[in-house]
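One structure is given below, encoded as C-alpha cells.
Each reported figure results from applying straightforward, stated rules to the coordinates on display, with no laboratory input. This one's a predicted model, so the numbers in the text were calculated from it and none came from an experiment. Heads up, the Cβs are rebuilt from the backbone with ideal geometry, glycines too, and the neighbour counts pull from every protein chain shown.
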Amino acid sequence: MAVQIQDVLALLLELFPDIQQIPYTNIHPNPDNPGAPLSDQEIQELADNLADRGLVNPMKVQPHPVNPLAGRAQPHPDNPRLTAEGRPWALGDFNYQILAGERRYRAAGRLGWATLAGFILNPTAEEAVEITHLDNDVRQRGWWAGYQSIEQLIKANPRLTQRQVGTRLKMDSGRVNRALGLLPLLNPEARGLIVANCNNSNKGIWGISESAVLRLADLGPGSALKPGVKKSGDDSQKLWPYPAILAETQDLVRRTLAVAIDEQMTEGGVKGLVRWVQEGHKLEDHKAKGSTPKVSEKVDDSETDGEEDEDSVEPIPWSENSKHPEHLEIPTSRIRVNAFIAQSYAHSLNVERKALSMQAIGYANEIGVRRLSNEEKKADPDHDYELFNEISTLKGAEMLGWPFLKAMVYDIDEWEGIRLHHAILRHSQPLTWVEVYAGMEKILAEDANENVAQLAITVQEDPVLAAKVLPVMKLLNESTQKMIWESIQNCIEEGMDMGGYRFSKHLAILLKRLEGVSKNLLETQKVVEKVVRFAIENEIWSDEIGGLVDWVLAGNDPDEYFEKEA
C-alpha cells in the first residue's frame, strides 16, 4: 500500500524531536485562535523584549491541517521517512500552523527573523484546542477567548461532558455550563461586538464583562435550552451541535448587547435592561433616554426574600468626562491622594516593594487622577491633581524621586473619582500568590541563571519570603494549586477583600517538611494535597498546620488529625 501523508505526519515527533529552528515563512497563524486580534502595541512590546533577550519560550506548532506539505515535497511511495526524491525530510518541507505563540510569531516577523524556535507536535483536534487554550498568550486574552476554547473543544469532541471540558481547559464546570447557555444565542454579529469590546482585565482593557454578557441568556428559551441534542437510540447528550435558536431571538440578543456596550453597563445594568425588554419595552426607547430607566417593581416574591430589588432603582449616570480622559505626563509633586481612598486603603500599600519593582523594570503603571477645580486649587495651591487609582505607584515614585508619572487625567469631581476607583476594583482580577509563584517557578526552570531575589523584586514579592516559598511549589500539584486559588478567591467580592480564610504563602512554607514523606514526588504531592484540603476545609492556621505536618510525618492520615486526642 502506497505511503500516505498521514503516515509521514505520524513520524514528525521522531523526525524532529525537541526544539527545532523552524523556517519563519513555513509558519502560519491559526485563523481560529481565541481572543481579540493582537494589538500593534502588544506585538511591539514583545518585539522589543525579543530584541533584548531572544526567544525564551519556544513556540508550539502542528502540521498545517489543510496544506501540510510545502513547495513540491511529496512522500516516497514506499518509505514514509523519505521524500519522493529519496532524501530525508527537512523542516522546510512542511507547512506549520501555530498552536501556541502567535504573539511571538508576529513579533519575530517584525524583527525580520528567518527562523523561530519551537516544538513540532502532531496532536488530535481535541489536544490542539487544549494546547492553544492553556498557552499563556491565550489565557491572558480575556474571558471571551475562554468561551471560544470551550466551543472549539466540544466541536472537536461533542461527546465530552461539561465536567470533562472544564477539566481539560482548567476551568470550573459551572463556568462551562454558563457559557453553553449563552453561546447558542450569539449570532456572528453579536460575537463581533464581544470581540471588539470584551473585558481583558489582565491587560487593563475596558469593555463589557463576562458576568454582564451572561445576563443576556435570560432572553433565550431559559430552562428549555439544553446544550446538545439527543439522537434516537443514543442516550448520551451531546454538547454539539447547539439546539436551534430562532433568528429573531438571536437578533434581540445582539441588539440588547449593542445597547449594553454603548451605555457601558455592568452586570446590574444589563440585568435591568433585560427585564426592561422582557416587559415589552422597546430598546430604542431605552437608548434614547441615555441611562437605565426605572423598570417595573413587580418581581417574583420567591427571588426577593422581602428585600428591595436593587435593579428597580435608576442608577446614577456617568458623566461624559468620566469616559474620555487625557493621557498626560504630570509632575509627581503636584499630585495629592484622595483622603477617602487613602484612609480606606492605606493598609494595603506596600510601597517599598512597589518601588523596588518599579526600579527593577524602569516602568510604572499609569495612574488615575482628576484635575482640581479652581476653588480646590485656591484651598490647596500646592497641588493640581487628586489621585484615585494606583496609590502605591505614586508613593513608589515619590520614594524613588521620579519627577513625572504617566496618568489618565479626568475632569470630574471627587465623588465620581471615588466611583471610578471602585469600578476599577470591580473589573480587576489580581493574581493570587500561587499563580505568581507558579510563574516564577516556570521562569527559573527555563533559566537556571535567573536571580531569585531580583525576580521576586520584579514581581513585587519579598525576596526572603520568595526563597522560602519557591521550594514548596514543586509539592503542589494542579489540584492543590486550584484549591489554594479558590480559598483566596472565596474571600474576594468584586475586587474588595472581605476577610475569611485563605491558604496563604506563609502557611505553604510549613509544607516544606513534607518533602521527605515519600521518595516518589507524585505520592508526596498527593499527601500534600490531602493536608491542604484538610487545612482549608477546617480553616487551620499556622500553629495547627505545624502540628498537622508532624502528625502526617509520623505516618498518620491527615483526615484523622482532630481524632488524635479522642
Additional length obtainable on full extension of the chain from Ala360 to Asp52, 0.36 nm per residue less Cα span: 109.3 nm
Local electrostatic count, Lys395, Cβ distance below 10 Å [Lys/Arg +1, Asp/Glu -1]: -2
Cα-centre dipole for region 320-427 with unit charges at Cβ (Lys and Arg positive, Asp and Glu negative), debye to 20: 360 debye
Order by neighbour count: Ile43, Ile509, fewest other Cβ atoms within 10 Å first, most last. Ile509, Ile43
Note down the net charge around Leu13, summing +1 for each Lys or Arg and -1 for each Asp or Glu among other residues with Cβ under 14 Å from its Cβ. -2
Cut-off under 5 Å, modelled amide H: who pairs with Val337 long-range: Leu387
At q = 0.24 Å⁻¹, what is the base-10 log of I(q)/I(0) for region 320-427 according to the Debye formula with one equal point scatterer per Cα and no solvent? Please give it to two decimals. -1.47
Could you check the simple spin-label distance between Val464 and Phe404, using points 7 Å along Cα→Cβ, in nm with one decimal? 3.8 nm
For the pair Lys170 and Val351, the simple spin-label estimate (label points 7 Å beyond Cα toward Cβ) gives in nm 3.6 nm
Along the Cα→Cβ direction, 7 angstrom out, place labels at Met473 and Ala10. What is the inter-label distance in nm? 3.9 nm
If neighbour count is taken as other Cβ atoms inside 10 Å, put Val56, Val61, Val434 in order from fewest to most. Val56, Val434, Val61
Based only on other Cβ atoms within 10 Å, what is the fewest-to-most ordering of Phe119, Phe16, Phe404? Phe404, Phe16, Phe119
D (µm²/s, integer) via Stokes-Einstein for region 5-141, Kirkwood Rh across alpha-carbon pairs, 25 °C, 0.890 mPa s: value 157 µm²/s
